[in-house]
Amino acid sequence: MNPYAAAKLAYTEASVMTASPERLVVMLYDGAIRFLHQSAAALRAGKRDVARERLRRAQDIIDELTRSLDFRQGEIAVGLRSIYSFCSRHMIESTLNADPDGYEKVAELLAGLRESWAAIESAPQERISA
């Protein structure tokens, strides 16, 4: 590993280890969105293996988001599970139809959720815990 890659990896690890739970969710959304865009671009370029690998990484993130839901929090967790299930189904359908636009649509949906979580992350803590 070259020094630049090692430094970037160390920075990323430090960012994850020191991030708030809200920030971690935003980071997960960022990763899923990035991998979905990369998958769509690879599929358009005819690079099916790359598209499949990037899509698998996006699906892994969505699976992790689903596993991390706390259903004691009520309807929000139930709603998010439904959205994540929709995303997974839409990604499968898009793969079966070789439809990169379907991946982009899932990325757009996740981008909306990401913005909501970013707003929560930046809100003063006293408003959240009240």
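The values are calculated or read from the model by the stated rules, or taken from the named source; none is laboratory data. Keep in mind the model is a prediction, meaning the values are calculated, not measured. Glycine also receives a Cβ, built like all others from the backbone with ideal geometry; neighbour counts cover every protein chain displayed. Note: areas computed on protein heavy atoms with side chains; ligands, DNA, RNA excluded. Shrake-Rupley method; radii C 1.70, N 1.55, O 1.52, S 1.80 Å.
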What tally of residues in region 71-98 results from selecting those that are open to solvent by less than 50 Å² (accessible area, probe 1.4 Å) and assigned to a loop (DSSP other than H, G, I, E, B)?
2
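Quick grid of which residues meet (1) modelled with pLDDT of 95 or more; (2) at positive phi; (3) of a type in the set (A, V, I, L, M, F, W, C):
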site	(1), (2), (3)
LEU43	yes, no, yes
VAL50	yes, no, yes
THR66	yes, no, no
ILE76	no, no, yes
GLU108	yes, no, no
TRP117	no, no, yes
ILE120	no, no, yes
PRO124	no, no, no
Consider THR66 carefully, then state whether it is surrounded by 16 or more Cβ atoms within 10 Å (Cβ to Cβ), in a helix (DSSP H, G or I), of a type in the set (Ser, Thr, Tyr) and more than 13 Å from the chain's Cα centre (by Cα).
no
Residue check, GLY102 against (1) assigned to a helix (DSSP H, G or I); (2) surrounded by 14 or more Cβ atoms within 10 Å (Cβ to Cβ); (3) out of contact with any Asp or Glu (no Cβ under 7 Å at 6 or more places or on another chain), all met but one. Which one?
(3)
